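First the structure, in the form of structure tokens, and then the observations on it.
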Amino acid sequence: MSSTLYRKYRPFKFSEIIGQKHIVRTLSNAITNNRIGQAYLFTGPRGTGKTTLARIFAKTVNCTSLEKNTEGEASSEPCLKCANCKQLQENKSTDIIEIDAASNTGVDNIRDLRETAKLSPLQGKFKVYIIDEVHMLSQGAFNALLKILEEPPAHVIFILATTEIHKVPETIISRCQRFDFFKFTSEEIVKKLSNISKKEKIKIDKEALGLIALMAEGGMRDAESLLEQTITLEKNNITAAKVEALLGVSGNQSIEKITELIFDKNISEALIFVNQIYRDGYNLEIFSKGWLEYLRKIMIIKVSPDLEKQIFSNVTKDQKEKIEEFSQKTTTQDILSFIEILSETIPKIKTAFIPQLPLEYAIVNLTEDTKNVFTESEDTLEDGSSKKQSDEVPKGKIATENPKLKKISTKNKKASLKTIIAKTLGNTASKSGGNKKSGRGEAAPVDIYAVKKVWKEIVSEIGKNNYSLSMILFNSKPIENSSRGIVDIVVKHSFHKDLVNKPENKLTIKDISNKITGLDFKVEAVTEAESGVKLRTVLPEEKPDQEKNTDKNEKDSQGSLLSDAMILMGGKVVEN
């Protein structure tokens, strides 16, 4: 019976797992030292080995004869020969129960689980429940699960797996040992695919494997599926060119060519080349991600050539020479601007009405705006205007005769570059807004860490003028907004959001925040659900100003508190 590659070559032991070394080591030591927990939480992107590692762990704790190490002592590796190991490999084990939370979301499903968990395991030492995509459970199901997690039977182990940890209640997370799985590196994926190719007796170039790893975006299962798709269409002598044609991705030569056109500021040829790639059926999003990875290599070589060996293991001699050549043709600041613009362009490609338009727009910015950033900033007047040097007058004479002319510092060059990047990505300030830091109307990027550092001070200052608003903001949290010049404020509830987003309240927060931080930005309230940020509730201490007002009569105090509570909770006064 045939099976897919990712099932056929799924690891059966800890030693067969590629990557996730920090998790493998911890779980192995827990088994060796007999310190096995009763609830584990595996979180991370898809295809990173969460379910595979859960099965290996479940198999190992129930293995009746663990492998011996060199000293003759039991190791943390399953024998794969005992009845428990064989039953699990054949998906026949009654002591290892896998539950798909996506199709068993109700409270009744978890109540049934609680009843069956009380029964002792039939063969193994432990009964292991692996609940996949646990974030899909309903609130009632989570509450039912919480009860058994608090007081589980001694013979039960829970392993919860999720790709969306922010949807799992904190009460569940706090009762589990949490392990974060990371995406695989290209080198790790290529290593695994190379081993599979050898066992399947398939000849495939290393560059072709690199292209598959790039498309997989850190997911081993995705990479194995793409390899299977490739060998289904082409069995022998698979080259990078064939992978490009089969999967619609472009290779290293295409990326080298577009990079050379950009560095030479050849805008027309670059635009023609992008459209040619699109007409040939290549995926522009994958192409752009490969290009971004290539620019990253140039940046690292530019900063320190010695880092190449530690970071890049799959770069050929010719490719390295080409990267070094590119690093000599540009400045560090230019390459940083290229990376920033391309990074913000890639997400737009998938949703664009014209797929090649975002990339064309980025190329125009790369070849036109960034090439003038340094020449434009070299001679700038104090009022922000630019003065071009005349061919008739020597440069030195201009600097001497015009006292207003000055050289911009390195810091100002970076600020000018940020301004141009913000402008080219369409994140300019509104015509009516007060977010005009640069004098040209562009919104300056916000240092969110500087805002977070003084957020309590900002809320306290707001409380002097608007106590009810400060009470709403007391448990809030400032986070970055996708648009420049704006800070999102995460609040608990939707009615809090409506109150904060009133024009007069937003203006109050903006004025006080900008005064304290010295920055220039606007604010926008969002809820926890919209932001994906979970807020902690902390009760505010009594304010000193309130202590001074104890001479007020009880009726006025009660009225004030009721008024504040009404505003805080979004209530209204109803007259009979």
Could you list, in sequence order, the residues of the stretch 477-516 that are of a type in the set (D, E, K, R), in a helix (DSSP H, G or I), under 21 Å from residue 449 (Cα atoms) and in contact with a strand residue (DSSP E or B) (Cβ under 9 Å, 6 or more places away or on another chain)? 506, 510
Given (1) in contact with a Pro (Cβ under 6 Å, 6 or more places away or on another chain); (2) assigned to a helix (DSSP H, G or I), number of the condition residue 262 does not satisfy: (1)
In the set 48, 32, the lone residue that is at pLDDT below 90, among the hydroxyl-bearing types (Ser, Thr, Tyr) and out of contact with any Ser or Thr (no Cβ under 6 Å at 6 or more places or on another chain) is 48
So residue 147 ticks every box in (1) touching a strand residue (DSSP E or B) at 6+ places or on another chain (Cβ under 9 Å); (2) of a type in the set (D, E, K, R); (3) under 24 Å from residue 116 (Cβ atoms) but one. Which box is left unticked? (1)
Is there a residue being among the hydroxyl-bearing types (Ser, Thr, Tyr) and either more than 20 Å from residue 20 (Cβ to Cβ) or crowded, with 22+ Cβ neighbours inside 10 Å (or both) anywhere in the stretch 208-228? no
Output for Cβ contacts, cut-off 9 Å, separation at least six or different chains, first residue more than 15 Å from residue 142 (Cβ to Cβ) and touching a residue at least 12 places away in the same chain (Cβ under 8 Å) in the stretch 106-121, second among the hydrophobic types (A, V, I, L, M, F, W, C) and assigned to a helix (DSSP H, G or I), reads 117/148
Note down all Cβ pairs under 6 Å where the first residue falls in the stretch 30-51 and is within 13 Å of residue 157 (Cβ to Cβ) and part of a loop (DSSP other than H, G, I, E, B), the second is at pLDDT 90 or above and of a type in the set (Val, Ile, Thr), and they're at least six residues apart or on different chains. 38/157
Going through the stretch 265-280 in order, the residues found to be closer than 12 Å to residue 364 by Cβ and in a helix (DSSP H, G or I) are 267, 268, 270, 271, 274
Residue 10 passes all but one of the listed conditions (1) at pLDDT 85 or above; (2) among the basic types (Lys, Arg); (3) more than 36 Å from the chain's Cα centre (by Cα); the exception is number (3)
Just for the stretch 113-165: of the residues that are exposed (fewer than 14 other Cβ atoms within 10 Å of the Cβ) and either under 19 Å from residue 180 (Cβ atoms) or acidic (Asp, Glu) (or both), which one is farthest from the chain's Cα centre (by Cα)? 115
Would you be able to say whether some residue in the stretch 176-197 is of a type in the set (D, E, K, R), touching an Asp or Glu at 6+ places or on another chain (Cβ under 9 Å) and not in a helix (DSSP H, G or I)? yes
Residue count, the stretch 338-359, condition modelled with pLDDT of 85 or more and among the hydroxyl-bearing types (Ser, Thr, Tyr), comes to 2
What number of residues within the stretch 450-474 are outside any helix (DSSP H, G or I) and not aliphatic (A, V, I, L, M)? 2
Taking the stretch 444-462 and keeping residues within 20 Å of residue 501 (Cα to Cα), at pLDDT below 85 and buried (at least 18 other Cβ atoms within 10 Å of the Cβ) leaves 446
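The values are calculated or read from the model by the stated rules, or taken from the named source; none is laboratory data. Fair warning: this is a prediction, and the values are worked out from it, not measured in the lab. Neighbour counts are summed over all protein chains in view; Cβ atoms, including those assigned to glycine, are modelled from backbone coordinates with ideal geometry.
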